[in-house]
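Colleague: There's a structure below that I have some questions on.
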Amino acid sequence: MANASNFPIFSLDMHHEYRITGIRYRFIYLSGDQAAFSQIDNPLIVQSYELGTLKRLNGLGKIEVIPYGLMPEHLRPTVNDFEDIILAGIPPAMRKRLEMRHAIVQAFLLLKGNGEIKGTDESIKANMQRIVLEAEDYLVEEMPEPGYAEALTAYRAGEGRKPKARHGVVIPDHVSPRALRTWVALYKRGGKKALVDKSVKQGNRFSAFTVDERALLARLVNENYMNLQRKTIAMTVIDVKRGFEKENDRRAQDDLAPLRVPGREAIRLFIKRLDKFHVTVARFGQKEAMKKMRAVKTGLETLRPFERVEMDEWCIDLLSILAESGLLDMFSEEELTEIGLTDNTMRWWLVVAIDVRTRVIVGMTLTANPKTSSAKKCLNMVVSDKEAFADAVGAIAPWPGANVPEILAVDNGPAFKAAAFSTTCADLGIIKLQTIAGTPSMRAHIERVFRTLSTTLLPRLYGRTFGNVLERSGHPSEERACLSADDIAEILIRYVVDIYHNTPHLGLNGRTPLEQWQADHEDGNFPLKSAPTMRRKRLALGLPLKRVTQQDGIRVMNVRYHSEEVARWFLKNANQQVDVRWLDENIGSIEVKMDGVWQEVAAVSSIFHDVDASTWAAARRALRAKDGKRKEWKEGVIRRALDDIEAINATRGAAYRIMDHAWSEKRLKAVEQEAVANFTVVADRAQLSRPVRGRGQSIEPMAPEGAQEQKSSQEPEATTAEPVQDGAASKSKSNDKPKSKKTAPAAEKPVLKIDNDGDDDVWEFN
């Protein structure tokens, strides 16, 4: 008999990638019981292993095989869409339905494979009883008694009695042929995981008490139970009922309907639902609470900051007055429609990202409608410095965290499932983990943040909507809405930076998120990766565009970009289309793909450095409103316009910074078409002083256009013509006639440019 150690214990293939003791290898050949591998990073290094040694290393978990890891991506086998779903974490009710579906599908496939039924509606309906009886075998949790299977087969064949199992199994209900075929199609595409449903979200989760009754109950319980007096629940019940009686007496004087007084059981259940850690802190103090409730186990354990970041969307139950915000002045009507800022009173969505290790909120974006651009905006904030956001609202504490996450856990929202978002994560080197739909426990940390905001922050704000009509009852949210978008943004940032990050957290053993962040860094437990460079952000997060190179470079939003590399490429390829990456937060540079290599190309004018696209669009509208027919604008004029717009933004600060501006190729194209086609930025000219007597012309000697510059120690000095009546000197002396502003004749003497009134209407003279 051959020795078992002479056989490979896993597949040996040239297309697989092997990681042995942390080193990446490629399989070369197998000779006898020797397997040869070459290092991928250095193919000249070859390592041979005996098959027995490989078996030993495999048993120790020191070998990782990545099937087809060395093949081109387009040739690799298709990846299962449901591979990130973990069935072990789904709720029991969902698991029960999953097992029922799986059993029926398996029974159908077995009977169809044996030729006993067909896949038509008539055949499925006629044989549904046989299908559900056959599905019983797939629902057994434990192994049956010996001989049970043979006795059951005989019973189904009409021989003998039905055998009894130790554990009963509920036979599935009949299902429609259409539903069965749908389950079979899902199973064939993604296996058992594809049969997970979303019915766990069903059910009535609303309270029987009105908003006012619940608010009063919460206040009275907080006053009487959550304190160091440590009243019993029985005493708290008495005090709460007395509080309701006093409130009803006051409401009777105001001709208001009385509130229903909750019973003992309702008050007891309300107290039992309170956060146990917060109750212990309020009744016993923080030190005693930590002794009683210090965590001895953590669910999902992370070892360093940014090892795992969770991101999700949340509709804020709050109405804001958009008309009172300065944001409307920054956008045109078309842009407001694209962004979603058309309603005077609106509710915002909040996209939030949290670091699981430290519980620090590392990204936050306001958006009118959740979309891929808002998810990318939040991810951009995760990898960027956030101190400017805290400074904009005058926060006291710092806002740390600017790194690339190793794993990004998101839900199944359309914004996170989009190919553009997945591509962005891949380009940044982030593993995107798509969690199971309907199981918020797989993103427990971010879900807890939303619950904290809804229970501790929103009740303090006017304009709260309570999420739905039943909770809202008769609460006049529209009448009480008085917060603008700027107010909401400032409140959120101040709450996160100064309150949430400095509140003791049970999951951090009583530390605050900011203390945990600082402790990790003091211990040398730094994030694995660093924040991306601006070029990396531009390539990963930038908007993909197509542009045609021209003699004067590349134009995006009428900003001209040029470089020596672009000029050389143009000489070779002329007016050809190239790929461009454009990042709206900084239009000072773009990335251009030439000959298969991405090149950074800066704007010709330096005034666009660190300028965002929305500011430039607003500045252009202001310039066009000032003079709609003007084709050329000097850099100095544009710089002043940009400074004015940015000064206005400084007063808005937070809302403008964290709001998703929803830049897309469609919106960019509309903004470009809105502008004058030949809108051009020109360099500033030297300004000459005006005549003392207030009349006449300023004459500046200039070299002819098209002539080469010559260095000389003597340069012509600007002269001022003698003032004459009505400025007629421009058309009188020496019978000289003004020439048009076309190319000047190639003469040796300088050309004089005359500006009569400082309005840039220039006459040229030889």
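The values are calculated or read from the model by the stated rules, or taken from the named source; none is laboratory data. All values reported here derive from a predicted model rather than from experimental measurement. As a convention, Cβ positions derive from the backbone with ideal geometry for all residues, glycine included, and neighbour counts pool all protein chains shown.
Colleague: Look through the range 402-427, keep the residues that are touching a helix residue (DSSP H, G or I) at 6+ places or on another chain (Cβ under 7 Å) and assigned to a loop (DSSP other than H, G, I, E, B), and return whichever of them is nearest to Gly363 (Cα to Cα).
Modeller: Step one: list which residues in the range 402-427 are touching a helix residue (DSSP H, G or I) at 6+ places or on another chain (Cβ under 7 Å), which gives 405, 408-411, 415-416, 418, 420-421, 424, 427.
Next, from what is left, pick out any that are assigned to a loop (DSSP other than H, G, I, E, B): 405, 411, 418.
On the way: Pro405: 12, Asp411: 16, Ala418: 19 Å.
Looking at the filtered set, the residue picked out is Pro405.
Colleague: Could you grab me the full set of residues in the range 211-242 that are of a type outside the set (A, V, I, L, M, F, W, C), in a helix (DSSP H, G or I) and surrounded by 13 or more Cβ atoms within 10 Å (Cβ to Cβ)? Working first, answer last.
Modeller: Filtering the range 211-242 down to residues of a type outside the set (A, V, I, L, M, F, W, C) leaves 212-214, 219, 222-225, 227, 229-232, 236, 239, 241-242.
Checking which are in a helix (DSSP H, G or I) leaves us with 212-214, 219, 222-224, 236, 239, 241-242.
Across the range 211-242, the qualifying residues are Asp212, Glu213, Arg214, Arg219, Glu223, Asn224, Thr236, Asp239, Lys241, Arg242.
Colleague: Right, next: Report, by residue number, each residue of the range 379-393 that is of a type outside the set (Phe, Trp, Tyr) and in contact with a helix residue (DSSP H, G or I) (Cβ under 8 Å, 6 or more places away or on another chain).
Modeller: Initially, the range 379-393 is screened for residues of a type outside the set (Phe, Trp, Tyr), giving 379-388, 390-393.
Answer for the range 379-393, where residues must be of a type outside the set (Phe, Trp, Tyr) and in contact with a helix residue (DSSP H, G or I) (Cβ under 8 Å, 6 or more places away or on another chain): Leu379, Asn380, Met381, Val383, Ser384, Ala388, Ala390, Ala392, Val393.
Colleague: Further question on the same structure: Could you tell me whether Ala103 is surrounded by 15 or more Cβ atoms within 10 Å (Cβ to Cβ) and modelled with pLDDT under 75?
Modeller: Values: surrounded by 15 or more Cβ atoms within 10 Å (Cβ to Cβ): yes; modelled with pLDDT under 75: no.
Considered against the rule, which asks whether it is surrounded by 15 or more Cβ atoms within 10 Å (Cβ to Cβ) and modelled with pLDDT under 75, Ala103 comes out as no.
Colleague: Determine, yes or no, whether Ala368 is farther than 21 Å from Glu515 by Cα, over 11 Å from the mean Cα position of the chain (by Cα) and aliphatic (A, V, I, L, M). Reasoning before the result, please.
Modeller: On the way: farther than 21 Å from Glu515 by Cα: yes; over 11 Å from the mean Cα position of the chain (by Cα): yes; aliphatic (A, V, I, L, M): yes.
For Ala368, the condition - farther than 21 Å from Glu515 by Cα, over 11 Å from the mean Cα position of the chain (by Cα) and aliphatic (A, V, I, L, M) - is met.
Colleague: Just one of (1) part of a loop (DSSP other than H, G, I, E, B); (2) aliphatic (A, V, I, L, M); (3) more than 30 Å from Ile354 (Cβ to Cβ) trips up Leu545, so point out which.
Modeller: If we test Leu545 against (1) part of a loop (DSSP other than H, G, I, E, B); (2) aliphatic (A, V, I, L, M); (3) more than 30 Å from Ile354 (Cβ to Cβ), just (1) comes out false.
Colleague: Moving on. Does Leu322 fit the bill of being surrounded by 15 or more Cβ atoms within 10 Å (Cβ to Cβ), modelled with pLDDT under 60 and under 23 Å from the mean Cα position of the chain (by Cα)? Break it down into steps so the answer makes sense when it comes.
Modeller: Details: surrounded by 15 or more Cβ atoms within 10 Å (Cβ to Cβ): yes; modelled with pLDDT under 60: yes; under 23 Å from the mean Cα position of the chain (by Cα): no.
Criteria not met by Leu322.
Colleague: For the range 346-400, give me each residue that is hydroxyl-bearing (Ser, Thr, Tyr) and either closer than 22 Å to Asn412 by Cβ or outside the structural domain of Asp427 (by TED's automatic domain parsing) (or both).
Modeller: If we filter the range 346-400 for residues that are hydroxyl-bearing (Ser, Thr, Tyr), which is where we start, we get 358, 365, 367, 372-374, 384.
Correct list: Thr365, Thr367, Thr372, Ser373, Ser374.
Colleague: Still on this model: Could you say which residue among Lys272, Lys276, Lys287 is under 27 Å from Leu453 (Cβ atoms) and either at pLDDT below 90 or in contact with a helix residue (DSSP H, G or I) (Cβ under 7 Å, 6 or more places away or on another chain) (or both)? Spell out how you get there, then give the answer.
Modeller: Details: Lys272 fails: either at pLDDT below 90 or in contact with a helix residue (DSSP H, G or I) (Cβ under 7 Å, 6 or more places away or on another chain) (or both); Lys287 fails: under 27 Å from Leu453 (Cβ atoms).
Testing whether each residue is under 27 Å from Leu453 (Cβ atoms) and either at pLDDT below 90 or in contact with a helix residue (DSSP H, G or I) (Cβ under 7 Å, 6 or more places away or on another chain) (or both) leaves just Lys276.
Colleague: So, restricting to helices (runs of 4 or more DSSP H) that lie completely within the range 248-314, which ones have at least 3 residues that are within 22 Å of Glu515 (Cβ to Cβ)?
Modeller: Details: elements: 264-272, 276-284, 286-293.
So the answer is 276-284, 286-293.
Colleague: While we're on this one: Could you look through the range 37-56, keep only residues that are surrounded by 15 or more Cβ atoms within 10 Å (Cβ to Cβ) and of a type outside the set (Ser, Thr, Tyr), and pick out the one that is farthest from the chain's Cα centre (by Cα)?
Modeller: The residue in question is Leu51.
Colleague: Oh, and also: Tell me, yes or no, whether the range 507-528 has at least one residue that is at positive phi and surrounded by 13 or more Cβ atoms within 10 Å (Cβ to Cβ). Show your work before the answer.
Modeller: First pass over the range 507-528, keeping only residues at positive phi: 509-510, 524.
In the following step, the residues that additionally are surrounded by 13 or more Cβ atoms within 10 Å (Cβ to Cβ) were identified as 509-510.
Yes: the range 507-528 contains one or more residues that are at positive phi and surrounded by 13 or more Cβ atoms within 10 Å (Cβ to Cβ).
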